[in-house]
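The values are calculated or read from the model by the stated rules, or taken from the named source; none is laboratory data. Please read these numbers as outputs of a predicted model, since none were measured by experiment. Don't worry about glycine lacking a Cβ; one is built from the backbone with ideal geometry, like all the others, and counts go over all protein chains shown. Note: accessible area is taken over every heavy atom of the protein model, side chains too, but ligands, DNA and RNA are not part of it. Shrake-Rupley method; radii C 1.70, N 1.55, O 1.52, S 1.80 Å.
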Amino acid sequence: MGFEEKILRTPPPIEVGGRRFKRYHVSADPTGIAPEIEKAAYAVLPELLPAPDGTPSAGFVALHRGGDTGAYLNAYSWVWDNVLDFRGAAAGRPVRGCPDLDPAHFIVQPRPWIGCVWELPPLTHERDAWVRHMLVPEQPDLDAYLADSPAEETTGGRA
């Protein structure tokens, strides 16, 4: 089977552990990610947060439902004013250390992998939005940053 882009959705931001997150959902399924997988992913999110360091408590997550048994949660948190901290969790993939094939049984991943080709498209937008709303203005505007999301589309076609 050849490579195919997936659907990229942008649900509203959420707050977890005192940190506000923009959300990206990636799936080949036109109905999106199953509610039980989404609930399980966001339940593990507090384990993926860095300690506060004075940077506005914000970031973004990519929740990806793989085409197999896997599901992946990538948490990117802004630290040091202009650096992304990455932490991830996976479910349903024994090859990634998961105990079973359940796509709602997330475990924190020790690997520093920052994302696959379907999870990476938001990175450029997020970098530019952080600069635009948090670093360039005299007064950073976290609400404007959180409201700045790309249109829902596929994961590719940005060249």
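So here's what we get for this one:
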| quantity | calculated |
| --- | --- |
| Accessible-area value, Cys116, 1.4 Å probe, nucleic acids and ligands omitted, Å² | 40 Å² |
| Exposure rule at most 15 other beta-carbon atoms within 10 Å, DSSP loop GluC sites (Glu not before Pro): the chain longest free segment | 6-137 |
| Kirkwood Rh, angstrom, segment 70-159 [1 / mean 1/r, Cα pairs] | 15.0 Å |
| Semi-axis lengths (Å, descending) of the ellipsoid that matches the C-alpha gyration tensor of segment 4-86 | 25, 12, 11 |
| Under 5 Å, built H, 5+ apart or other chain: amide partners of Ala58 | Arg20, Trp78 |
| Selected from Ala144, Ala62, Ala89 as most flexible by GNM, with the chain as the system and alpha-carbon contacts under 10 Å | Ala144 |
| Alpha carbon Rg of segment 88-141, scaled by the compact-globule rule 2.2 N^0.38 Å | 1.65 |
| Value of [θ]222 nm, deg cm²/dmol, for the chain, DSSP H segments ≥ 4, -39500 (n - 2.57) each, nearest 500 | -4500 deg cm²/dmol |
| Anisotropy class of segment 1-46 from Cα gyration tensor, a/c 1.5 cut | prolate |
| Whole-Å semi-axes of the ellipsoid equivalent to the chain (Cα gyration tensor, √5λ, descending) | 26, 18, 13 |
| Between 0 and 90°, nearest 10: helix 35-44 axis offset from the chain longest Cα axis | 60 degrees |
| Segment 1-77: chymotrypsin sites (Phe, Trp or Tyr not before Pro) in DSSP coil with no more than 12 other Cβ atoms inside 10 Å | Phe3 |
